[in-house]
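Reviewing the structure listed below.
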Amino acid sequence: HGTIIGAAWKQLPSGLLYLDFVTDDYVGFGNVLNDVFAAVDGKFSYHCWVRRGAVGTEQHIVAKHDTANNQRGHLWRFNADNTINFTVMFALDASRYRGIKGTATIADITTWHCLDVTYDGSLDTNDGLDRVKIYIDTVLDTTSMAATLGAIGDLVSNTAHLGWGASLNTSGAGYGGYNNADMVLLGLTTGVRTQAEITARRSQERSLFGV
């Protein structure tokens, strides 16, 4: 369970409740799940439905990442060019990291999209590029290395708070990347979900969004 800061509950015609994030809204979950994120050869998968409210700026979907206090972890976000990025840090001080960028863009503000990202820390091929897979409406995105520094390794335990809709600091306050969007059904699972599993989940949920 998280603490909602500002975001308002609204309802779809299907009856599903979702959160409307505007300005500096976010949900904070505390300093949690380091045992999952920083595990040796760690593996995890995120899932979220998003209807964007603004485009053309960097906006964070999920982050456990505090730059000011050198407590960097990972960050799932929209880039300013409306592609999706997943950045993973192998050192708290940003001396080792990989930023993986997708190719497809989401630049509309009317349609709900099913977004998934998987991370497999056991893979060292292509200098870490193969660790991350980005899916948009179950379609595997073409990715490239957007930023790289130092050697790859495991993610490190950090004291940043896990945030939905923004990056949070070690005190749980939002400090940037606020996501002006409607979002719901955020999920985190250990292990790497397959494309078949991602497709099956979207098939179960899509009628709720009229897509």
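The values are calculated or read from the model by the stated rules, or taken from the named source; none is laboratory data. Everything numeric here is computed off the predicted structure, so don't read it as measured data. In this analysis, Cβ positions are derived from the backbone assuming ideal geometry, glycine residues included, and neighbour counts consider all displayed protein chains. Heavy atoms of the whole protein, side chains included, go into the accessibility calculation; ligands, DNA and RNA do not. Shrake-Rupley method; radii C 1.70, N 1.55, O 1.52, S 1.80 Å.
Considering the stretch 113-125, and only residues there that are open to solvent by 10 Å² or more (accessible area, probe 1.4 Å) and touching a residue at least 40 places away in the same chain (Cβ under 8 Å), the residue that is farthest from residue 79 (Cα to Cα) turns out to be 122.
Open to solvent by 40 Å² or more (accessible area, probe 1.4 Å) and in contact with a helix residue (DSSP H, G or I) (Cβ under 6 Å, 6 or more places away or on another chain): is that true of residue 157 in this structure?
Judged against the criteria, residue 157 is a match.
Return yes when residue 39 is surrounded by fewer than 17 Cβ atoms within 10 Å (Cβ to Cβ) and more than 22 Å from residue 194 (Cα to Cα) and no when it is not.
When the stated conditions are applied, residue 39 does not pass them.
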